[in-house]
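K.L.:
Sharing a structure here in structure tokens format.
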2 protein chains.
Amino acid sequence: MTALTLNPRDIDFLLYELLKVEELTERPPFADHSRETFAAAIETARKIAEERFLPLYRETDLHEPRIVEGRVEMIPSVKEALDAAAEAGFIAAHKPFEQGGMQLPWTVAQAALAHFKAANIGIFAYHFLTIAAANMIDAFGNEAQKARYLEALLAGRFYGTMALTEPQAGSSLADIRTSAEPTEAGHYLLKGSKIFISCGAHELSENIVHLVLARIKGAPPGVKGISLFIVPRYRMEGDGRAGNDITLTGLIHKMGYRGTTSTMLQFGEKGDCRGELLGEPHMGLSYMFRMMNEARIGVGLGAACLGYVGYLNALDYARNRPQGRKPDAKDPSRPPIAIIEHADVKRMLLAQKAYVEGALALCFYAARLIDEQRSAPEVEARRKAGLLLELLTPIVKAWPSDYGAEANSLAIQVLGGYGYTRDYPVEQHYRDNRLNAIHEGTNGIQAIDLLGRKVAMADGEALTLFAQEITRSAEAAKAQVGLGGYADDLTRALGAIRETTDALLAARQRGAIELSLANASLYLDALGHLTVAWLWLRQALVAREGEASARPEDADFYRGKLQACRYFFRFELPKIEQHCRILSALDGTTMEMQDAWF
Amino acid sequence: MTALTLNPRDIDFLLYELLKVEELTERPPFADHSRETFAAAIETARKIAEERFLPLYRETDLHEPRIVEGRVEMIPSVKEALDAAAEAGFIAAHKPFEQGGMQLPWTVAQAALAHFKAANIGIFAYHFLTIAAANMIDAFGNEAQKARYLEALLAGRFYGTMALTEPQAGSSLADIRTSAEPTEAGHYLLKGSKIFISCGAHELSENIVHLVLARIKGAPPGVKGISLFIVPRYRMEGDGRAGNDITLTGLIHKMGYRGTTSTMLQFGEKGDCRGELLGEPHMGLSYMFRMMNEARIGVGLGAACLGYVGYLNALDYARNRPQGRKPDAKDPSRPPIAIIEHADVKRMLLAQKAYVEGALALCFYAARLIDEQRSAPEVEARRKAGLLLELLTPIVKAWPSDYGAEANSLAIQVLGGYGYTRDYPVEQHYRDNRLNAIHEGTNGIQAIDLLGRKVAMADGEALTLFAQEITRSAEAAKAQVGLGGYADDLTRALGAIRETTDALLAARQRGAIELSLANASLYLDALGHLTVAWLWLRQALVAREGEASARPEDADFYRGKLQACRYFFRFELPKIEQHCRILSALDGTTMEMQDAWF
């Protein structure tokens, strides 16, 4: 039986066997929970995802939002699906009971939400941004702001956005120009243009809460002069339906992700767009990074889920499509075999499995770090989890978006000509997933964040901690039959990365800043591969233990995990070595290329 | 100044400096030609491509063909563009003067046609298949068939198709079921369903000439019982407009390539679909392979051109988009720099350049082999060119479709959020190019053709010949300042491939057929990389020579070629080593994976 979103057996494996999420129930915030309540929440999400979100997947692609008389129109079933998820409580799944939440660990909440992403990522974006906006107001808002916005966001009556990007600035937030002028009444008057604002206009919720980056008049230039504002579509006064001078100047028509409105917004065209300062002035970017980090991990999870659902579709097709014969048994009078029997199809499916289950493990591991950071009994454990999370965030964003998209391409290839048609969803997964390497900071920006900031922060402590984690797993693997070779490979790869990191940081110390960062994308890819290889080895360890005592169907599942680990170590891991050679040599080929030579 | 299709300076470089196409004018068939006549033909094609084909690129994507009252309807400007190219003589560009052709060398004709592919590959498909069908009838048809069809095809009054694929058989041609029953009148009655027939129905030409694979009743099973038929849409009798019982049962809706109708056709629903046997019975597949080989090289060229035009768009954008600052000069009061100045953007552009100029060199080199095969003065030279061409055909098809698509993905990444919108063409290039790894034999099938058949044919002579070519270039490079290191790298990579090949062929000898082919896709990728690296070294040799005496703008061009060569050798070539390690070890990871373990 093929699941249409994510494989339930794998979700259980990752949560309970790999990441030991059940242990969280021993901690006070989750004491009312048990594996059963976790399973019930996930099962509910799966059901809503498969029954309400998935059936709209093609429809939301074919009928993208459009502007009719100044308002965004979309197919009505989108609101019904989103309302169903909101009513079941999933916007507040991770929030405490007293806020109307389910008080689930972040990891479990993410595992539940992953089903919406796998089923219809384009429409889930409305909730995704709402959750992120609610978390921001909860973290940095004053009591009045919380009263005005928080409950409504968590209940899905209001939806949120993050309004960062401006046409002239793109990824360069230092160049943001939107201005905010303080008034005697206490609010600010905002003025400026924003672009690529996902979920920036729609009729799905009573109000839209924009979190807008802008400069207070007289603020210092660059990123240190940016503040964050709550700017509602409708003013929260009187009947709460007075417009707030935000003009929808256009919709962006995309290759995919068409369920999500992508908008161009003009704030304060008539000089009367009112915003409330969130937190302190000039702290906007540092606040926004909280939202952005959450969003980056969310983008990675979405990319993993899109890759995953594509893989399940390809697997289903390969099992049911008879075609051709083995190269050593070509008798045309014999019936053709299912294409899953062809070695090259197995290769493509195994690569997909290695990518998408690896990516999902990575995203859940990051979620588990968030739980650790928030609820570990020891302060030191919390601090370390936070460091690891900071280090890995660019990888969690970028690696699944690169390899999830690669998995989606392989899924098309498995289906062949059929995969290229709009009769199957795999082409849409491919189009949808192409966005994930771009939004919330392009993968190139993630690479510079990783190499330029994260690996050196706290005197390199995060990388050291991570190396200790890897070494611990390698030690455990050495004691297991058949896993010792992987332990050696992983240890060697870790050594290569550490040497490479030292060489790059030394170059930066010498002042070769640009050169040391020139091939940061390769560094990100290498450290990403190391991370996923480590998670595959950890999965193999669990599978090896489980194999002996398992029921037959579980034994097959564990063998699949072991085979995917083998694939990753043999076919993928060697890439690290190649990247490290280029990086350690401080290769200047790319940086030295000149405009005129192209 | 950015060209919108292909870079004219590069076309000249590849044709005249790298492949010495001017020397062909010394051969009798091309004695009336000169570099000037070649240039005039290419310039005319470029002009029509940029003025007639390119402006329709988005429009043909947005308004895909649809069925209205049983007929295919599309935007009228498609016919105007195609007619302009036909009237200028490009369907017959490679045909002798006496057939109304331009009698151009195949290489020059392909260089001209490449502009149509770069400008609008979806609509060029009509001519592409017409050229291929005309070549088939010219090669295998009898005089009556030539009289009926050839001139009309070459003039663009009739258009052609290749009708191979059937719903139940897919890539497995052995399982074709369409039947052909001989009649006393001499024709055959065809019956059967075909799917994915590109250009199978339209109103662009007076008639459509389908070349259909079918089994004559009583034919042996499998590929040895397949014959080839000419089956016109309208019968060539009376007024030539009588229907021939071919029913359009549906259009296929694709992710891209939407200018091309992709059809489902039913032949002989009423028992009255008449076809003429082309050539001898049961020889259909061997004939069709002629068409298919031509089509495979054409697919490679199309993929290279799509990658190329995407690269030019990304380059243009990167030069004109100011955003951000260098990592060592972040003062926000200074104006932002053009993104082409960022090392990571240079990396992405340089990778694209290395892929697409490499792919185009590969396709033109294959075309040059066709000219050599047809017109070399020495019989032995012709034979050798034919062998090399056979060896390289799967690479020419697959490598550009893999790396051209990768280039298209990088082009999107350079444009960032804008690249993901439908306001720029790069997302369409990406969608269009995804087909090229699938049609005319998936890349997996190319891999098995290469490793299972081509490298061992004629006792391995083709691979030996190819190795000699590579060694010759390496020797030449050793004598050039700065190229000696590449010569060593290439020689080492060649050695690795030869050892790997020997190991794989020995395994096959031992009977491990399936295992020896299990990772054929990696072999294809490795030999493809070797081939393109070799072509980059040859380009570097020419550039090094040209550099000294060049005008300043030429000097920049040559430096770009040298830098792209450097990129390919440092960043790409090492992949070969990694693949060869897996292949030589006869790694069974993929083949041993079991259905139940997924």
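K.L.:
Would you confirm, using the coordinates I've provided, whether B:D459 is free of Cβ contacts under 8 Å to residues at least 12 places away in the same chain, more than 29 Å from A:D344 (Cα to Cα) and open to solvent by 30 Å² or more (accessible area, probe 1.4 Å)?
P.N.:
no
K.L.:
List the number of the failed condition for A:L4; all other conditions in (1) open to solvent by 20 Å² or more (accessible area, probe 1.4 Å); (2) in a helix (DSSP H, G or I); (3) of a type in the set (A, V, I, L, M, F, W, C) hold.
P.N.:
Result: A:L4 passes all but (2).
K.L.:
Could I ask something else about it? Taking segment A:367-424, which residues are of a type in the set (G, A, S) and either farther than 18 Å from A:R296 by Cα or without any contact (Cβ under 8 Å) to a residue 12 or more places away in the chain (or both)?
P.N.:
A:S375, A:A376, A:A381, A:A407, A:S409, A:A411, A:G416, A:G417, A:G419
K.L.:
Given the conditions (1) touching an Asp or Glu at 6+ places or on another chain (Cβ under 7 Å); (2) more than 14 Å from chain A (Cβ to nearest Cβ), and given that B:A169 satisfies all but one, which numbered condition is not satisfied?
P.N.:
(2)
K.L.:
When you go through (1) of a type outside the set (A, V, I, L, M); (2) free of Cβ contacts under 8 Å to residues at least 40 places away in the same chain; (3) over 30 Å from B:P221 (Cβ atoms) one by one for A:S333, which number turns out not to apply?
P.N.:
(3)
K.L.:
Collect the residues in segment A:235-260 that are assigned to a strand (DSSP E or B), of a type in the set (A, V, I, L, M) and more than 22 Å from A:P65 (Cα to Cα), keeping them in residue-number order.
P.N.:
Correct list: A:A242 only.
K.L.:
Additional query: Just to be sure I understand, how many residues within segment A:432-483 are within 14 Å of chain B (Cβ to nearest Cβ) and either farther than 24 Å from A:L301 by Cβ or polar (S, T, N, Q) (or both)?
P.N.:
8
K.L.:
Looking at A:Y403, A:Y424, A:Y420, which one is open to solvent by less than 10 Å² (accessible area, probe 1.4 Å) and not small (G, A, S)?
P.N.:
Details: A:Y403 fails: open to solvent by less than 10 Å² (accessible area, probe 1.4 Å); A:Y424 fails: open to solvent by less than 10 Å² (accessible area, probe 1.4 Å).
The match here is A:Y420.
K.L.:
Related question: From (1) at pLDDT 95 or above; (2) more than 19 Å from B:A109 (Cα to Cα); (3) open to solvent by less than 10 Å² (accessible area, probe 1.4 Å), pick out the condition that doesn't hold for B:I176.
P.N.:
(1)
K.L.:
Any residue that is within 11 Å of chain A (Cβ to nearest Cβ) and open to solvent by 10 Å² or more (accessible area, probe 1.4 Å) - is there at least one of those in segment B:355-377? So that I can check it myself, show each step before the final result.
P.N.:
Residues of segment B:355-377 within 11 Å of chain A (Cβ to nearest Cβ): B:357.
Next, only the ones that are open to solvent by 10 Å² or more (accessible area, probe 1.4 Å) stay: none.
Scanning segment B:355-377, I find no residue that is within 11 Å of chain A (Cβ to nearest Cβ) and open to solvent by 10 Å² or more (accessible area, probe 1.4 Å), so the answer is no.
K.L.:
Could you check segment B:147-173 and list, in sequence order, the residues that are among the hydrophobic types (A, V, I, L, M, F, W, C) and either open to solvent by less than 50 Å² (accessible area, probe 1.4 Å) or touching a residue at least 60 places away in the same chain (Cβ under 8 Å) (or both)?
P.N.:
Those that are among the hydrophobic types (A, V, I, L, M, F, W, C) and either open to solvent by less than 50 Å² (accessible area, probe 1.4 Å) or touching a residue at least 60 places away in the same chain (Cβ under 8 Å) (or both): B:L150, B:A152, B:L153, B:L154, B:A155, B:F158, B:M162, B:A163, B:L164, B:A169, B:L173.
K.L.:
While we're on this one: Looking only at residues in segment B:261-282 that are of a type in the set (S, T, Y) and part of a strand (DSSP E or B), which one is nearest to B:G243 (Cα to Cα)?
P.N.:
Among them, the one singled out is B:T263.
K.L.:
Looking at (1) away from every other protein chain (no Cβ under 14 Å); (2) touching a residue at least 60 places away in the same chain (Cβ under 8 Å); (3) of a type in the set (D, E), which is the only condition A:D316 fails?
P.N.:
With (1) away from every other protein chain (no Cβ under 14 Å); (2) touching a residue at least 60 places away in the same chain (Cβ under 8 Å); (3) of a type in the set (D, E) applied to A:D316, the lone miss is (1).
K.L.:
Okay, moving on. Take the residues in segment B:534-556 that are at pLDDT 95 or above and in contact with an Asp or Glu (Cβ under 8 Å, 6 or more places away or on another chain); name whichever of them is farthest from the other protein chains (Cβ to nearest Cβ).
P.N.:
Only one residue fits best here, namely B:W534.
K.L.:
OK, next. Is it the case that some residue within segment B:118-139 is farther than 25 Å from B:L204 by Cβ and either at pLDDT 95 or above or touching a helix residue (DSSP H, G or I) at 6+ places or on another chain (Cβ under 6 Å) (or both)?
P.N.:
No, segment B:118-139 has no match at all.
K.L.:
Continuing with the same structure: Just the residues that are surrounded by fewer than 22 Cβ atoms within 10 Å (Cβ to Cβ), within 15 Å of A:K194 (Cα to Cα) and either in contact with an Asp or Glu (Cβ under 7 Å, 6 or more places away or on another chain) or of a type in the set (D, E, K, R) (or both), please, taken from segment A:216-255.
P.N.:
Hits for segment A:216-255 are A:D245, A:T247.
K.L.:
Is it true that A:D502 is more than 8 Å from every other protein chain (Cβ to nearest Cβ), closer than 27 Å to A:A361 by Cα and at pLDDT 95 or above?
P.N.:
Answer is no for this residue.
K.L.:
Separate question: Could you check, for segment A:314-331, whether at least one of its residues is closer than 13 Å to A:A407 by Cα, at pLDDT 95 or above and open to solvent by less than 20 Å² (accessible area, probe 1.4 Å)?
P.N.:
Looking for residues that are closer than 13 Å to A:A407 by Cα, at pLDDT 95 or above and open to solvent by less than 20 Å² (accessible area, probe 1.4 Å), one finds at least one in segment A:314-331, hence yes.
K.L.:
Condition test on B:L494, is it within 11 Å of B:L537 (Cα to Cα) and at pLDDT 95 or above?
P.N.:
Against the criterion (within 11 Å of B:L537 (Cα to Cα) and at pLDDT 95 or above), B:L494 does not qualify.
K.L.:
All but one of (1) open to solvent by 60 Å² or more (accessible area, probe 1.4 Å); (2) in contact with a helix residue (DSSP H, G or I) (Cβ under 6 Å, 6 or more places away or on another chain); (3) of a type in the set (D, E) hold for B:E51; which doesn't?
P.N.:
Here B:E51 clears every test but (2).
K.L.:
Sticking with this one: Would you say A:L14 is open to solvent by 50 Å² or more (accessible area, probe 1.4 Å) and under 21 Å from the mean Cα position of the chain (by Cα)?
P.N.:
no
K.L.:
Kindly indicate the residue of segment A:111-146 that is under 19 Å from A:M283 (Cα atoms) and of a type in the set (D, E, K, R) and also surrounded by the fewest Cβ atoms within 10 Å (Cβ to Cβ) among those meeting that condition. Write out each step before concluding.
P.N.:
The initial filter retains those residues of segment A:111-146 that are under 19 Å from A:M283 (Cα atoms), namely A:132-143, A:145-146.
From the residues that got through so far, the ones that are of a type in the set (D, E, K, R) too are A:138, A:143, A:146.
Working: A:D138: 16, A:E143: 8, A:K146: 16.
Across segment A:111-146, the extreme among qualifying residues is A:E143.
K.L.:
Then there is this: Which of the residues spanning segment B:283-311 are assigned to a helix (DSSP H, G or I), open to solvent by 10 Å² or more (accessible area, probe 1.4 Å) and more than 15 Å from B:I131 (Cβ to Cβ)?
P.N.:
Across segment B:283-311, the qualifying residues are B:L285, B:S286, B:Y287, B:F289.
K.L.:
Separate question: Does segment A:256-275 include one or more residues that are surrounded by fewer than 18 Cβ atoms within 10 Å (Cβ to Cβ), at pLDDT 95 or above, touching a strand residue (DSSP E or B) at 6+ places or on another chain (Cβ under 9 Å) and within 14 Å of chain B (Cβ to nearest Cβ)?
P.N.:
No - not one qualifying residue is present in segment A:256-275.
K.L.:
Further question on the same structure: A:L392 is checked against (1) hydrophobic (A, V, I, L, M, F, W, C); (2) touching a Phe, Trp or Tyr at 6+ places or on another chain (Cβ under 8 Å); (3) more than 18 Å from A:E440 (Cβ to Cβ) and fails just one. What number does that condition carry?
P.N.:
It is condition (3) that A:L392 fails.
K.L.:
Here is a follow-up. Can you say whether A:D344 is open to solvent by 10 Å² or more (accessible area, probe 1.4 Å), under 20 Å from A:F568 (Cβ atoms), out of contact with any His (no Cβ under 6 Å at 6 or more places or on another chain) and facing chain B (nearest Cβ under 8 Å), as far as the supplied structure shows?
P.N.:
In short, yes.
K.L.:
Given (1) open to solvent by 20 Å² or more (accessible area, probe 1.4 Å); (2) facing chain A (nearest Cβ under 8 Å); (3) within 30 Å of A:R319 (Cα to Cα); (4) not charged (D, E, K, R), where does B:T589 come up short, assuming only one miss?
P.N.:
The failed condition is (1).
The values are calculated or read from the model by the stated rules, or taken from the named source; none is laboratory data. Keep in mind that this is a model prediction, so the values were computed, not measured. Cβ sites come from the backbone with ideal geometry, for glycine too, and all protein chains shown count toward neighbours. For accessibility, only protein heavy atoms count, side chains too; no ligands or nucleic acids. Shrake-Rupley method; radii C 1.70, N 1.55, O 1.52, S 1.80 Å.
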